[in-house]
Each structure stands twice: as structure tokens, then as C-alpha cells.
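The values are calculated or read from the model by the stated rules, or taken from the named source; none is laboratory data. If you're wondering where the values come from, they're calculated on a predicted model, not measured in any experiment. Because the Cβ atoms are built from the backbone with ideal geometry, glycine has one as well, and the counts that use them run over all protein chains shown. Side chains included, ligands, DNA and RNA excluded: accessible areas come from the protein's heavy atoms. Shrake-Rupley method; radii C 1.70, N 1.55, O 1.52, S 1.80 Å.
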Amino acid sequence: MPTFTALTHLAGRAPAEALAEACEELAPEPVGSGVFEIEDGSDRWEVGVYFLEQPDEVALALLAAAYGADPFVISELPEVDWVAHVRRELSPVEAGRFYVHGSHDADRVPEGVEALCIEAAMAFGTGHHGTTKGCLEALDRLANDGYQPQRIADIGCGTAVLAMGAARIWPHTVLASDIDRIAVDTASANVIANGLDGRVVCIEASGFDHPMLEEAAPFDLVLANILKQPLIDLSPEMARHVGTGGKIILSGILTDQGQEVIEAYQTAGFTLDRRDDLGEWVTLTMTRAG
């Protein structure tokens, strides 16, 4: 069965999210929608809407005009077994001591590594993306340097691969939060599949806005692999929830955005330990100053 996508672009996150929500009322009803920032500093956002039937082009055109968006571009996609495709294309990834793989590669796990299994159907956050790999390598370095955090959080956890990596290194409960309910369910499934149930606790929250996160603060280590602007917006809350001397690992940042994020966190009271560039992405490790 073919599927259809309708894509448009407009300025501002709030209008983009409002447009995506309005599209949910269309007939035929879409099976999903997404809002993504175009990472070029323009504050332009992409809205993608997905259908199993030919969408109503007139209704989409009216919605685009109402929200000041570009006209929707509608495309028909051929039927593809995406899970099988991902399994063929994604090989295991090594990041420091970590070996991130799908269940189809479980028989290829070498000895002496910290293996993390993420299903191919949950490909974002498997370690193939430069931001995830960079964060896992930063975790590995902290452990090699003898850092011993006790209170750990993964904010915007996605698949929870970073939270699980931290739980494999240090013998403490890790809190993993995400604003998206589906992501939280995915993270919980991964935690169980990796034998970390009870060691990683997955919760739905925007930033640190959850009683469990408030109660656990101040944190010794916070991981946040999201996007530049949400990271900058989060910097005051990060400062409030990270203890003096605590570490943060930040990514989801393009290389030309790194300095802007560094300056925002320096203003919030953090010092830069190191900056690691991996292709077009950068990972920052910082410390909460006294």
C-alpha cells in the first residue's frame, strides 16, 4: 500500500506545532505528523503529515495559507519494509566501551564491551547518529577519568540509549525523561530488553518539569541530546537542577552552533571542559561552577 507525505515550511515553532495539530482534523485523517526545526539559524520549521490515502489538496492549501506556511508539497511513497531496510543499512556502532546493535546482530557482539540493543524499528538514537555516538564517547571518557556521579538524568531521552549507557557504567538509578509519550514507551521497552528495568526509570516530562526530577535534584550528571534552541532555552533550568561541580553532556548541536550554546551555558554558570566535533555535529562536556 502506498503512503503519502505532505510537507511545508514556515517560521516559528509555535505556528508549526499549531499547523500540525490542525492537520489532524483533516479528512482523510492522517496517520501521523511531525514538526522539525531546520537547523540553519533561520527559525524555519518543517511540518510533515503522513497519510494512507490521497490527502485533500485543497484543504491542505487552505491550512497552509491560514498559518502563513509555504504550499504543501505532496508526494507518494512506494511500499517499503523500512525495518528490513534499516536492518540492512545499519551496522553495529562502537563508541568507547559501548557497542550499540540491533537484535539481528546480537550474535556479533564482541567480548569485553558494554552492549546496548536498540531495535531497527527505533533507529533514531541507535548510535549511528553523530550526536548519540558523541554523547556515548563523552560518557566513556568521564568514566575513564574516574568521575563517579550518583544522581543522573537523561533529558529528552528518545530511545534511552544514553540513560542505559550511564546505568551500565555506574550502579545508580538513572531518570530518563522525554516530552513525547511514544518516546517514553519506546525507551521503557528498550530498558526492559536490555535488562535494566528498575535501573532506568522512564517518565514523560518537559525538561525537568516532573516531581521525580525535582525530588532527585541536584544532579551530578545530566545528559541532553536534543537541539540547539531547546538546549539554550533549558540552560537556566539546567543550572537550577545541576549541583556545584556536576557535569552535563550536551549534543544535537551543529558545529557552527556550538559557540552559541557554550555562551548560553557559561552565562548560566557552567564552564566548558571540552568540545568534541564529530562530522557536522558537536558534543559539549561542561561543569557547573561554584
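Only strands (runs of 3 or more DSSP E) whose full extent lies in region 174-290 are considered here, and the ones with at least 2 residues that are of a type outside the set (A, V, I, L, M), open to solvent by 70 Å² or more (accessible area, probe 1.4 Å) and in contact with a strand residue (DSSP E or B) (Cβ under 9 Å, 6 or more places away or on another chain) are 270-278. Inspect region 264-276 for any residue being modelled with pLDDT under 95, farther than 24 Å from ALA167 by Cβ, of a type in the set (D, E, K, R) and outside the structural domain of ARG44 (by the TED database) and give the result as yes or no. Checking region 264-276: not a single residue is modelled with pLDDT under 95, farther than 24 Å from ALA167 by Cβ, of a type in the set (D, E, K, R) and outside the structural domain of ARG44 (by the TED database).
Going through region 53-70 one residue at a time, which ones are outside any helix (DSSP H, G or I), surrounded by 13 or more Cβ atoms within 10 Å (Cβ to Cβ) and within 29 Å of the chain's Cα centre (by Cα)?
Within region 53-70, the subset outside any helix (DSSP H, G or I) is 53-56, 67-70.
If we keep only those that are surrounded by 13 or more Cβ atoms within 10 Å (Cβ to Cβ) too, we end up with 53, 55-56, 67, 69-70.
Scanning region 53-70 gives TYR67, ALA69, ASP70.
For the condition on the phi < 0 side of the Ramachandran plot and without any contact (Cβ under 8 Å) to a residue 60 or more places away in the chain, ILE248 qualifies. Filtering region 5-25 to residues that are open to solvent by less than 40 Å² (accessible area, probe 1.4 Å) and either in contact with a strand residue (DSSP E or B) (Cβ under 8 Å, 6 or more places away or on another chain) or not hydrophobic (A, V, I, L, M, F, W, C) (or both) leaves THR5, ALA6, THR8, LEU10, GLY12, ALA16, LEU19, ALA20, CYS23.
With the condition kept exactly as written, say whether any residue in region 36-49 is modelled with pLDDT of 90 or more and in a loop (DSSP other than H, G, I, E, B). Working first, answer last.
Within region 36-49, the first condition is being modelled with pLDDT of 90 or more, and the residues that meet it are 44-49.
Restricting the remaining residues to those that are in a loop (DSSP other than H, G, I, E, B) gives none.
The answer is no, given that none of the residues of region 36-49 is modelled with pLDDT of 90 or more and in a loop (DSSP other than H, G, I, E, B).
Scanning region 150-167 for residues that are surrounded by 21 or more Cβ atoms within 10 Å (Cβ to Cβ) and modelled with pLDDT of 95 or more returns ILE152, ALA153, ASP154, ILE155, LEU162, ALA163, MET164, GLY165, ALA166, ALA167.
Does region 128-137 include one or more residues that are assigned to a loop (DSSP other than H, G, I, E, B), more than 12 Å from the chain's Cα centre (by Cα) and modelled with pLDDT under 95?
Quick first cut of region 128-137, residues assigned to a loop (DSSP other than H, G, I, E, B) only: 128-129.
Among the residues that remain, those that are also more than 12 Å from the chain's Cα centre (by Cα) are: 128.
Next, only the ones that are modelled with pLDDT under 95 stay: 128.
Within region 128-137, one or more residues are assigned to a loop (DSSP other than H, G, I, E, B), more than 12 Å from the chain's Cα centre (by Cα) and modelled with pLDDT under 95.
Residues that are more than 26 Å from CYS202 (Cα to Cα), touching a residue at least 40 places away in the same chain (Cβ under 8 Å) and touching a helix residue (DSSP H, G or I) at 6+ places or on another chain (Cβ under 7 Å) are absent from region 213-221. If you go through region 1-35 and keep only what is more than 16 Å from PHE51 (Cα to Cα) and among the small types (Gly, Ala, Ser), you end up with ALA11, GLY12, ALA14, ALA16, ALA18. In region 183-195, the residues that are in contact (Cβ under 8 Å) with a residue 12 or more places away in the chain reach residues that are among the hydroxyl-bearing types (Ser, Thr, Tyr) with C-beta atoms within less than 7 angstrom, at least six apart or across chains, in these pairs: THR186/THR159; ALA187/THR159; ASN190/THR159. Looking for something of a type in the set (Phe, Trp, Tyr) and either under 21 Å from ALA143 (Cβ atoms) or touching a His at 6+ places or on another chain (Cβ under 7 Å) (or both) - is there at least one such residue anywhere in region 273-284? No.
For region 107-119, the criterion of being part of a helix (DSSP H, G or I), not aliphatic (A, V, I, L, M) and not assigned by the TED database to the domain that holds LEU250 is met by at least one residue.
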